[in-house]
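Read the structure below first, then the notes.
The values are calculated or read from the model by the stated rules, or taken from the named source; none is laboratory data. Predicted, not measured: the structure shown is a model, and the values here were computed from it. Positions of Cβ are backbone-derived with ideal geometry, glycine not excepted, and every protein chain shown enters the neighbour counts. To get the accessible areas, we keep the full protein, side chains included, count just its heavy atoms, and leave off ligands, DNA and RNA. Shrake-Rupley method; radii C 1.70, N 1.55, O 1.52, S 1.80 Å.
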Amino acid sequence: MRTRNAILPDAPQIEVLIAGYSKDGTLLPRTRAEICENIRDFVVVEDRGRIIGVGALHLYGPHLCEVRSIAVDPSAQGRGAGRMVVNALLKEAERQKVSCVCLFTRIPDFF
């Protein structure tokens with residue numbers, strides 16, 4: 001497994017991974033056009049030529065960035081791909097000298 005910056009040919013696989021988590025509201029849906037437009041924000045985890053994890057870092061400015069669209073293929077969960085994505089995104093935030101990184105999450109319906 002290795003992390004790398006996403007490239008445009010990755011968009012279909014990224015779209016499938018995100019769609020798997022947007023059906024239940026865990027992630028916001030992303031169209032292929034949105035993914036292509038923002039492909040430079042994405043990092044992927046690749047295993048034997050297949051993308052098994054993805055995440056994006058959206059920069060708002062030197063004061064704030066957001067970790068977005070974290071998804072790992074269910075068949076690859078528990079192997080550290082999610083951790084690899086988050087670490088790569090945090091490293092990029094540090095490289096960009098962003099002072100605050102946020103991650104918004106869906107709160108389960110307890111009430």
With a 1.4 angstrom probe the carbon and sulfur portion of accessible area for the stretch 3-71, in percent, totals 57 percent
Mean Cβ-within-10 Å packing, highest first, puts peptides 38-49, 81-92 in the order 81-92, 38-49
Regression test value, accessible area per residue of the chain, probe 1.4 Å, units Å², expected 64 Å²
Expressed in square angstrom to the nearest 10, the accessible area of Cys65 with a 1.4 Å probe stands at 0 Å²
Of all DSSP beta bridges with both partners in the stretch 43-111, the antiparallel percent, nearest 5, is 80 percent
Treating every alpha carbon of the chain as one equal point scatterer without solvent, the Debye formula yields log10 I(q)/I(0) values at q = 0.11, 0.16, 0.21 Å⁻¹ of -0.33, -0.70, -1.16
Two pseudo-spin positions, 7 Å from Cα along C-beta at Lys23 and at Arg95, lie apart in nanometres by 3.4 nm
Measuring from its Cα centre, the chain shows a charge dipole (+1 at each Lys and Arg Cβ, -1 at each Asp and Glu Cβ) which, in debye to the nearest 20, is 320 debye
